Amino acid sequence: QVRVVESGGGLVQAGGSLRLSCAVSGRSFSSSAMGWFRQAPGKEREFVATINSWGSGTAYADSVKGRFTISRDNAKNTVYLQMASLKPEDTAVYYCAARRDSYYGTKQQSYDYWGQGTQVTVSS
């Protein structure tokens, strides 16, 4: 059974930083591309960032490019999302997802395993 567990969410002021972590168990993490998605109240879930299984390739949504950084530690089976210069519009539940593919992807449908999400709230 594959488990995907996010942590690190919380309340932060605008302009602040936060780091999310996502631990994966039950699957070969080092062969899985990973992604972060988010869902704001009343909106559909959207892509945020993705990284390939080797950690050598990444992609970001335009709305977070230059502010967020995705990274991974294959020895710890963990992927991270470092968020800086946070804005109130970044407020959302953030989800981590894993796919049975080494190459990264931006489409939710291409991900096979999802976490329960962690709340990030940015106050103005």
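Quick check on my filter: what residues within the stretch 1-41 are closer than 19 Å to Ala98 by Cα, open to solvent by 30 Å² or more (accessible area, probe 1.4 Å) and part of a strand (DSSP E or B)?
Arg3, Val5, Ser7, Arg19, Ala23, Ser25, Gln39
Consider only pairs whose beta carbons are under 9 Å apart and that are at least six residues apart or on different chains; among these, list those whose first residue lies in the stretch 10-22 and is farther than 22 Å from Thr50 by Cα and whose second residue is at pLDDT below 95 and in a loop (DSSP other than H, G, I, E, B).
Gln13/Ser124; Ala14/Ser124
If a residue has to be on the phi < 0 side of the Ramachandran plot, open to solvent by 40 Å² or more (accessible area, probe 1.4 Å), without any contact (Cβ under 8 Å) to a residue 40 or more places away in the chain and not basic (Lys, Arg) to count, how many in the stretch 42-81 make the cut?
Qualifying residue count for the region: 10.
Of the numbered conditions (1) in contact (Cβ under 8 Å) with a residue 60 or more places away in the chain; (2) out of contact with any Lys or Arg (no Cβ under 7 Å at 6 or more places or on another chain); (3) open to solvent by less than 10 Å² (accessible area, probe 1.4 Å); (4) within 18 Å of Ser63 (Cα to Cα), Asp90 satisfies every one except a single condition; which is it?
Answer for Asp90: the failing condition is (1).
Anything in the stretch 81-100 that is in contact with a Ser or Thr (Cβ under 7 Å, 6 or more places away or on another chain), part of a strand (DSSP E or B) and either over 13 Å from Gln39 (Cα atoms) or small (Gly, Ala, Ser) (or both)? List them, or say none.
Scanning the stretch 81-100 gives Gln82, Met83, Ala98, Arg99.
The values are calculated or read from the model by the stated rules, or taken from the named source; none is laboratory data. Just so it is clear, the model here is predicted, and its values are computed rather than measured. Reconstructed Cβ throughout: ideal geometry from the backbone, glycine too, with neighbour counts over all protein chains shown. Remember, those area values only see protein heavy atoms, side chains included, never the ligands or the DNA or RNA. Shrake-Rupley method; radii C 1.70, N 1.55, O 1.52, S 1.80 Å.
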